[in-house]
Amino acid sequence: MDMARSNAGFTLVEVLVGVALFALIASIGLGMLGAVARVRAGTQGELDAIAALQRAEVLLTDDLVTARASSLEFSEHDLRFQRQSRSGRWVSVSYTLSDGVLLRQVGNSTQPLLQAVSDWRWRVFDGADWQLAPGIAPDTHITAVEITLVAPDHNQIVLRRIVRLPEGPVS
């Protein structure tokens with residue numbers, strides 16, 4: 001009789017314990033998978049923000065190192081100047097902060113550079129002292145521009161870049 005019982009299979013209690021253990025392990029695994037997905041999404045968002053900041057930095061730097069310093073114009077939300085293109089022609093460039101978006105315009109083409117920019121400001125160096133711009137005298141000889149961008153949606157990321165310019169008076 002003992003022989004017949006051992007070949008009969010699992011008892012109902014053993015099956016229920018096995019199913020309960022499987023359900024417990026599966027729920028822990030799903031919880032961990034969800035946490036990994038949330039961390040990955042957050043990390044991807046931060047990486048995208050850093051990539052956008054780096055792209056903006058490269059474009060700003062490239063534009064300013066080829067700028068005609070005498071063409072720099074500053075206002076509260078705009079920076080306008082002429083820069084030399086790779087072909088040697090002078091083209092108009094402007095950067096504007098509009099509704100939290102930093103826009104770059106070259107000629108008639110406008111492109112959004114950064115989203116969720118809460119503030120941007122600039123200072124100019126005249127060879128002796130840093131001055132806030134706008135508000136600089138038209139005959140100031142600018143040798144460098146410091147640009148600061150603040151993106152609050154990404155843990156207060158601040159991009160501060162100083163670019164040396166060809167010397168010349170502001171117009």
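Our note on the geometry: Cα centres of the stretch 10-57 and the stretch 75-123, 42 Å apart.
Residues whose amide H lies under 5 Å from that of ARG68, counting only those 5 or more places away or on a different chain, are GLN82, ARG83, GLN84; hydrogens are built 1.01 Å from N in the peptide plane. Our analysis of the chain gives Rg over Rh at 1.49, with the two radii drawn from alpha carbon positions and Rh computed by the Kirkwood formula.
Expressed as a whole percent, how much of the Cα-Cα distance distribution for the stretch 72-159 exceeds 16 Å?
Beyond 16 Å sits 59 percent of the P(r) for the stretch 72-159.
3J(HN,Hα) couplings calculated from phi for the stretch 66-74 with the Karplus curve 6.51 cos²θ - 1.76 cosθ + 1.60 (θ = phi - 60°) are, in sequence order, 10, 7, 7, 4, 5, 9, 5, 10, 10 Hz; Gly and Pro show x.
Scalar couplings 3J(HN,Hα) for the stretch 103-111, obtained by applying the Karplus form with A = 6.51, B = -1.76, C = 1.60 to θ = phi - 60°, are 10, 10, 10, 10, x, 9, 9, 10, 9 Hz; x denotes Gly and Pro. Taking all protein chains together and a 1.4 Å probe, the residues PHE22, PHE125, PHE81 rank PHE22, PHE125, PHE81 from largest to smallest accessible area. In the complete set of protein chains, residue-level accessible area for PHE74 is approximately 30 Å², probe 1.4 angstrom.
The helix-based estimate of mean residue ellipticity at 222 nm for the chain, built from -39,500 (n - 2.57) per DSSP H run of four or more residues and divided by its residue count, is -12500 deg cm²/dmol to the nearest 500. In a DSSP loop and with at most 11 other Cβ atoms within 10 Å, the GluC sites (Glu not before Pro) in the stretch 55-156 are GLU76. The relative contact order of the stretch 54-163 comes to 19 percent, based on Cα pairs under 8 Å that sit 6 or more residues apart.
Give the range of the longest stretch in the chain that excludes all trypsin sites (Lys or Arg not before Pro) found in loop regions by DSSP and having at most 16 other beta-carbon atoms within 10 Å. Don't jump to the answer; show the numbers that get you there.
On the way: sites that count: ARG68, ARG86, ARG89.
No qualifying site falls inside 90-171, the longest such stretch.
Per residue, the chain exposes 64 Å² of accessible surface when a 1.4 Å probe is rolled over the protein heavy atoms with every protein chain present.
For the stretch 47-87, what is the Kirkwood estimate of the hydrodynamic radius, computed as the reciprocal of the mean inverse distance between distinct Cα atoms, to one decimal in Å? It would help to have the intermediate numbers written out before the result.
Numbers: mean 1/r = 0.0873 Å⁻¹.
For the stretch 47-87, the Kirkwood estimate is 11.5 Å.
The values are calculated or read from the model by the stated rules, or taken from the named source; none is laboratory data. Source: prediction; values computed, not measured. Positions of Cβ are backbone-derived with ideal geometry, glycine not excepted, and every protein chain shown enters the neighbour counts. Side chains are part of the model used for accessible areas, which takes the heavy atoms of the whole protein and leaves out ligands, DNA and RNA. Shrake-Rupley method; radii C 1.70, N 1.55, O 1.52, S 1.80 Å.
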